[in-house]
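Engineer: Just passing along the structure, written as structure tokens.
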Amino acid sequence: MIELLHRLREMPLYRELLAAVHSSEGNTLEGDDDRALARLSTIVRTLEKHRPLSVIETGTQKGLFGIILIENLFTFRLTTFDINPESAKAAELLGARFVLGDTRQTFSAWNETADFAWIDGGHWGGVAASDIRNAMRLGIPVILVDDMDIPEVLHDVAVVAAENPGYRLSRDGEIAIFEKELAK
Ligand SMILES: C[S@@+](CC[C@H](N)C(=O)[O-])C[C@H]1O[C@@H](n2cnc3c(N)ncnc32)[C@H](O)[C@@H]1O
């Protein structure tokens, strides 16, 4: 996995993404290697298991989740949401569709489903709970939620899980994984 992390960081596209968006928030691949490797391992493992063709992400930021998709999926369509207009540049570099605005409004009004969701936008103010519920409303079968080390995200995941949404919840490090239960 360390080779993959180094390969991603050496890609010209990675440098273009970093240059395109200025944000002080954390993300999936920059900074501490151990943190990045743990996230990368979970994401790659779930991508290999489910091989999604369509993906929704909340919290585009610099597009570093998107570059993981490019390196691990043969073909896919990414729709990515962010409140920061600068992130549109990252989406363009990735060839992804970008939706600007607060996901409590934009994702709540969204009606197109996907095979896989990466929930990594707002971590406060109930944004994570809203994003998870929207992914479930759309019937997305695999929903990953980043940053379970943030108490409000942990709380939001527990609240949604307690609503018996028909999803099985597991956890891998700081990522929560909701998988849709098959109808009996
Ligand atoms: C942690 S970063 C995302 C990291 C990225 N997903 C990755 O994998 O590297 C969080 C992003 O969510 C965006 N964000 C925060 N609150 C939001 C909201 N209510 N609606 C949409 N985007 C939001 C921020 O602008 C920021 O770019």
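Engineer: Select from Ile56, Leu94, Gly66 the residue farthest towards the positive end of the dipole of region 1-150; place +1 on Cβ of Lys and Arg, -1 on Cβ of Asp and Glu, and compute about the Cα centre.
Structural biologist: The residue sitting most towards the positive pole is Ile56.
Engineer: Next question. Only Cα pairs under 8 Å and at least 6 apart count here; give the relative contact order of the chain as a rounded whole percent.
Structural biologist: Across the chain, relative contact order equals 17 percent.
Engineer: Moving on to the next point. With θ set to phi - 60°, apply the Karplus curve 6.51 cos²θ - 1.76 cosθ + 1.60 along region 48-55 and write out the HN-Hα couplings as whole Hz, x wherever there is a Gly or Pro.
Structural biologist: 5, 5, 9, 6, x, 9, 9, 9
Engineer: Across the Cα atoms of region 1-42, what radius of gyration and what greatest pairwise Cα-Cα distance (Dmax) are found, in Å?
Structural biologist: Using the Cα atoms of region 1-42, the pair Rg, Dmax is 10.5, 27 Å.
Engineer: Sticking with this structure for a sec: Subtract the Cα-Cα distance of Ala158 and Arg51 from 0.36 nm times their separation in residues, and report this length gain in nm to one decimal.
Structural biologist: 35.9 nm
Engineer: If you don't mind, there's one more thing I want to ask. Evaluate the distance, in nm, between pseudo-label points positioned 7 Å from the Cα of Glu3 and of Glu92 along their respective Cα→Cβ axes.
Structural biologist: Each label point is offset 7 Å from its Cα along the Cβ direction, giving 3.6 nm.
Engineer: If you put +1 on each Lys and Arg Cβ and -1 on each Asp and Glu Cβ, how big is the dipole of the chain around its Cα centre, in Debye rounded to 20?
Structural biologist: With only Lys, Arg, Asp and Glu charged at Cβ, the dipole is about 640 debye.
Engineer: I've got another one for you. Tell me, rounded to the nearest percent, the portion of alpha carbon pairs in the chain spaced more than 31 Å apart.
Structural biologist: The calculated P(r) of the chain puts 8 percent of pairs beyond 31 Å.
Engineer: Positive end of the dipole of region 1-58, charges at C-beta (+1 Lys, Arg; -1 Asp, Glu), about the Cα centre: which of Leu5, Val44, Leu29 has its Cα farthest in that direction?
Structural biologist: After comparing all options, I get Val44.
Engineer: Taking H as built 1.01 Å from N, whose amide H comes closer than 5 Å to the amide H of Ala117, not counting residues under 5 places away?
Structural biologist: Ile56, Val142, Ile143, Leu144
Engineer: Okay, moving on. Note down the nm distance, to one decimal, between modelled labels 7 Å out along Cα→Cβ at Asp102 and at Lys180.
Structural biologist: In this crude label model, Asp102 to Lys180 measures out at 2.9 nm.
Engineer: Per residue of region 90-102, in order, report the coupling 6.51 cos²θ - 1.76 cosθ + 1.60 (Karplus, θ = phi - 60°) as ³J(HN,Hα) in whole Hz, putting x for Gly and Pro.
Structural biologist: Running phi through 6.51 cos²θ - 1.76 cosθ + 1.60 with θ = phi - 60° gives 5, 4, 4, 4, 7, x, 9, 8, 10, 10, 8, x, 6 Hz.
Engineer: For an R0 of 22 angstrom, estimate the FRET efficiency from the Cβ-Cβ distance between Arg168 and Leu138 and round to the nearest 0.05.
Structural biologist: 0.80
Engineer: Now for a separate question. Give me the net charge of Leu94's neighbourhood, meaning all other residues with Cβ under 12 Å from the Cβ of Leu94; Lys, Arg count +1, Asp, Glu -1.
Structural biologist: Net charge around Leu94: 0.
Engineer: Considering the alpha-carbon set of region 117-174 alone, what are its Rg and its Dmax in angstrom?
Structural biologist: Final numbers for Rg and Dmax: 10.2, 26 Å.
Engineer: Further, regarding this structure: Quick check on the chain: helices-only [θ] at 222 nm, where DSSP H runs of length 4 and up contribute -39,500 (n - 2.57) each and the sum goes over total residues. Nearest 500, please.
Structural biologist: -13000 deg cm²/dmol
Engineer: On a 0 to 90 degree scale, rounded to 10, what angle separates helix 127-137 from the longest Cα axis of the chain?
Structural biologist: Tilt relative to the chain: about 70 degrees.
Engineer: Name the residues whose placed amide hydrogens come within less than 5 Å of the amide hydrogen of Arg77, ignoring near sequence neighbours (fewer than 5 apart) on the same chain.
Structural biologist: Hits under the 5 Å cutoff: Ser54, Val55.
Engineer: Follow-up question, since we're still on this one. Report for region 2-180 the percent antiparallel among DSSP-assigned beta bridges with both residues inside it, nearest 5.
Structural biologist: 40 percent
Engineer: Multiplying the sequence separation of Glu112 and Ala19 by 0.36 nm and subtracting their Cα-Cα distance, what value in nm do you get?
Structural biologist: Here the answer is 30.4 nm.
Every number here is computed from the coordinates shown, using simple stated rules; none is lab data. These numbers come from a predicted model, not from an experiment. Backbone-built Cβ (ideal geometry, glycine too); neighbour counts: all protein chains shown.
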